[in-house]
Every structure is written in C-alpha cells, then in structure tokens.
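Colleague: Structure in structure tokens, see below.
FYI, it's all coordinate maths here, none of it is from the lab. The structure presented is a predicted model; accordingly, all values stated were derived computationally and were not measured. We place every Cβ from the backbone using ideal geometry, glycine too, and count neighbours over all the protein chains shown.
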Amino acid sequence: MKRVIAIYPGTFDPPTNGHLDLIQRGAAIFEELVVAVLRNSEKTPMFSLEERLDMLRECTKKYKNVRIDSFQGLLVDYAARQKAGAVLRGIRAVSDYEYELQMAWMNRKLDPRIETVFMMPAEAYSYLSSRLVREIVHLGGNVSGLIPPLIERRLREKILGDPSAVIPKKTPRRKRSK
Ligand code: PNS
C-alpha cells in the first residue's frame, strides 16, 4: 500500500463520537490524517474556529499521525498544498450519499489527483450529527455516549452557561387518584 496523506475536512461544530470514530479509522489506514476545519463557511457555527481546533486537538492527542488544521478556499487546493492524495469523508446512511457523491465528483473534476475515500462510522453513530447534539443539549436531553465528556462540558457551558448543568430528571408520573 502506498503511503498516503489524507485530509478529513468538516465543520466539526462540535466534534462528535462519530467524527472521532472516523478519525480513528482514518489514522489506522493513512500515513497521516489532517483533520481540517473549514474557516469562514456559509454556516454560522456555534463554536469559534479556535474552540473547535482546541476540542479536536484535545480529543485526538493520542494519535501520533493525526494533525489538526484549518483551511479556507477550495478543499482540493488545500489538499494539494498539504501534498495529500486523499480526502476522507464519512457516510452514515444512504441519505448522506447523494450530497457526498456530488462533492466527490466535483472535487475530482477540480483536481483528478485527489481521491475521495468514504468510510462508515460504527453503526452506533449512524444517526449522530453535530446539529442533533446541539439541539438535544439545548432542550435538556442526555447526550452521554454521543460526544466526549470534555465536549459535553463545553457545550453545556456554551448553551446553558454552566458546564455542570445537570440533565433534567424526568418528572415522576403522578399517581392517578381513584
Ligand atoms: O462538515 P461539513 O459541513 O459537511 O463539511 C463540508 C466541507 C467543509 C467538506 C465542504 O463544505 C468543503 O469542502 N468546503 C470547502 C470549499 C470547497 O472546496 N467547495 C467545493 C466542494 S465540491
């Protein structure tokens, strides 16, 4: 197998266990994996670029061949500057496929030297997304097992203003009066 540098691009707002699962898989097969956060995207992220880079660095420090970076402009131009031969993207479900295929084809048209490689996260993360995680925390739900504890603390701090804010307990059902 050739030694290939791969870019894993995304918004990571915030990184989830699904992203981290993919980073682990990517780090196992590529010589180097550059996790690249898009700067100035059309989306307005909840976390600043620095916060997202910081969370990613913290969560991936155990991997010697994973580097955290940011980029702006065309992904293929960034990949070429990094001397990368591949772009790694995760596909969770068939619904991801159409959008990902369109991007992969367009990136191939822009620079045919760069291959897009799709990987599946563990089945347990197939329904997981940053958007849903943000929404669940906002509405007081439980996200344990979906994001690392350090990201959960940051998210609670950002959304609720308190990192230790407890998950609201279910209101006990009242006994029916006979
Ligand atoms: O996590 P996301 O939001 O799905 O990531 C999307 C991302 C960052 C991979 C995509 O928006 C991107 O590559 N943007 C860079 C600009 C670019 O190259 N656009 C043409 C893509 S075909």
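Colleague: Please state the charge dipole magnitude for the chain, taken about the Cα centre, from unit charges on C-beta atoms (+1 on K and R, -1 on D and E), reported in debye and rounded to the nearest 20.
Modeller: Here the chain has a charge dipole of around 960 debye.
Colleague: Using just the C-alpha positions of the range 46-150 as equal point scatterers, what log10 of I(q)/I(0) does the Debye formula give at each q in 0.10, 0.11, 0.16, 0.21 1/Å?
Modeller: For the range 46-150, the Cα-only Debye profile gives -0.37, -0.46, -0.98, -1.39.
Colleague: If you don't mind, there's one more thing I want to ask. Describe numerically, in nm with one decimal, the distance between label points set 7 Å from Cα along Cα→Cβ at Leu101 and at Asn142.
Modeller: Modelled inter-label distance: 3.8 nm.
Colleague: In the range 88-158, if the dipole is taken from +1 on Lys/Arg beta carbons and -1 on Asp/Glu beta carbons about the Cα centre, which of Ala104, Pro121, Asn142 is farthest to the positive end?
Modeller: Sorting the options by dipole projection puts first Asn142.
Colleague: Another question, if that's okay. Label-point separation (nm) for Thr11 and Ile29, each offset 7 Å from Cα along Cα-to-Cβ?
Modeller: 2.6
Colleague: Quick one: what are the phi-derived ³J(HN,Hα) couplings along the range 20-33, Karplus 6.51/-1.76/1.60 with θ = phi - 60°, whole Hz, x for glycine and proline?
Modeller: 5, 4, 5, 4, 4, 5, x, 5, 6, 10, 9, 4, 9, 10
Colleague: Quick one: if the Förster radius is 45 Å, what FRET efficiency do Gln72 and Ser164 give, using the C-beta to C-beta distance and rounding to 0.05?
Modeller: Calculated value: 0.80.
Colleague: Place a +1 charge on the Cβ of each Lys and Arg in the range 4-104 and a -1 charge on the Cβ of each Asp and Glu, then give the dipole magnitude about the Cα centre in debye, rounded to the nearest 20.
Modeller: 320
Colleague: With each pseudo-label sitting 7 Å past Cα toward Cβ, what's the Arg57-Thr44 distance in nm, one decimal?
Modeller: Here the modelled spin labels are 2.7 nm apart.
Colleague: For the range 35-88, what does the relative contact order come out to in percent, with C-alpha contacts under 8 Å and a separation of six or more?
Modeller: Relative contact order of the range 35-88: 43 percent.
Colleague: Okay, next question. Please state the Cα pair-distance histogram of the chain with 5 angstrom bins from zero: what percent is in each bin?
Modeller: P(r) for the chain, in whole percents per bin: 1, 8, 16, 18, 20, 15, 9, 5, 3, 2, 1, 1, 1, 0, 0.
Colleague: Further question: Suppose the Debye formula is applied to equal point scatterers at every Cα of the range 74-123; what is log10 I(q)/I(0) at q = 0.19, 0.25 Å⁻¹?
Modeller: With no solvent term, the Cα-only Debye profile gives -0.61, -0.91.
Colleague: Once you have the Kirkwood Rh of the range 1-90 from its Cα pairs, apply Stokes-Einstein at 4 °C and 1.567 mPa s and quote D in µm²/s.
Modeller: Estimated via Stokes-Einstein, D reaches 99 µm²/s.
Colleague: Past the 27 Å Cα-Cα mark, which pairs from Lys62/Lys109; Lys2/Lys43; Lys2/Lys62; Lys64/Lys158?
Modeller: Flagged as over cut-off: Lys62/Lys109; Lys2/Lys43; Lys64/Lys158.
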